[in-house]
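To start, the structure itself, in structure tokens.
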Amino acid sequence: GCQLLLRDLPEWRLGKIDFYYWYYGSLTLFQFGGTPWEKWNVAMKDALVPHQNGETTGCRRGSWEPIDRWSPFGGRVYATAINALTLEVYYRYANVFTGLAKK
């Protein structure tokens, strides 16, 4: 399963953006740990962090544009909530194999 996820790393490209998949992929690979997690986490951060709305976007600051396949159902609130949760996966969950949260 990990190899399948690693063949489809997060990438900010229209048609490939899927926040829901990125969230659950992050949960899965964090639990697996090691090199697969590190590879996924780098790709995920590279996809999400640069695309978070910044200071020049007014009241959209800190949010993400609702452009993935699920955003029509939840809009900006969904996009921002799931991406924030994705970025903090390793702060919110203990690794079930070691019992310790990892970075």
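The values are calculated or read from the model by the stated rules, or taken from the named source; none is laboratory data. Quantities reported herein were computed from a predicted structural model and do not represent experimental measurements. Glycine also receives a Cβ, built like all others from the backbone with ideal geometry; neighbour counts cover every protein chain displayed. Areas reflect the complete protein model, heavy atoms only, side chains present, ligands, DNA and RNA absent. Shrake-Rupley method; radii C 1.70, N 1.55, O 1.52, S 1.80 Å.
Once the other residues with Cβ under 9 Å from the Cβ of Phe19 are scored (Lys, Arg +1; Asp, Glu -1), what is the net sum?
Numbers: positive: Arg69; negative: Asp18, Asp68.
Summing Lys and Arg as +1 and Asp and Glu as -1 gives -1.
Do you know the relative contact order of the chain, to the nearest whole percent, from alpha carbon pairs under 8 angstrom that are 6+ apart? Don't skip to the answer; put the middle values down first.
On the way: 116 pairs, mean separation 28.5, N = 103.
The value is 28 percent.
What is the extension gain from Arg69 to Leu4, computed as 0.36 nm multiplied by their sequence separation minus the C-alpha to C-alpha distance, in nm to one decimal? It would help to have the intermediate numbers written out before the result.
On the way: separation 65, 0.36 × 65 = 23.40 nm, distance 2.01 nm.
Additional length available on full extension: 21.4 nm.
Counting only helical runs of four or more DSSP H residues, what would the 222 nm mean residue ellipticity of the chain come to if each run contributes -39,500 (n - 2.57) and the total is spread over all its residues? Could the numbers behind the result be given before it?
Values: 5 runs with 55 residues, N = 103.
One gets -16000 deg cm²/dmol as the mean residue ellipticity at 222 nm.
Quick one: if you stick a label point 7 Å off each Cα along the C-beta vector at Asp46 and Lys16, how many nm between them?
1.0 nm
What figure, in Å² to the nearest 10, do you get for the accessible area of Cys59 with a 1.4 Å probe and non-protein molecules left out?
Approximately 140 Å² for this residue.
Can you give me the Rg/Rh ratio for the range 2-71, using Cα atoms for both radii and the Kirkwood formula for Rh?
Details: Rg = 13.0 Å, Rh = 12.8 Å.
The Rg/Rh ratio comes out at 1.02.
Determine the distance separating the Cα centre of the range 1-27 from the Cα centre of the range 44-76; give it in Å without decimals.
Cα centroid of the range 1-27 versus Cα centroid of the range 44-76: 16 Å apart.
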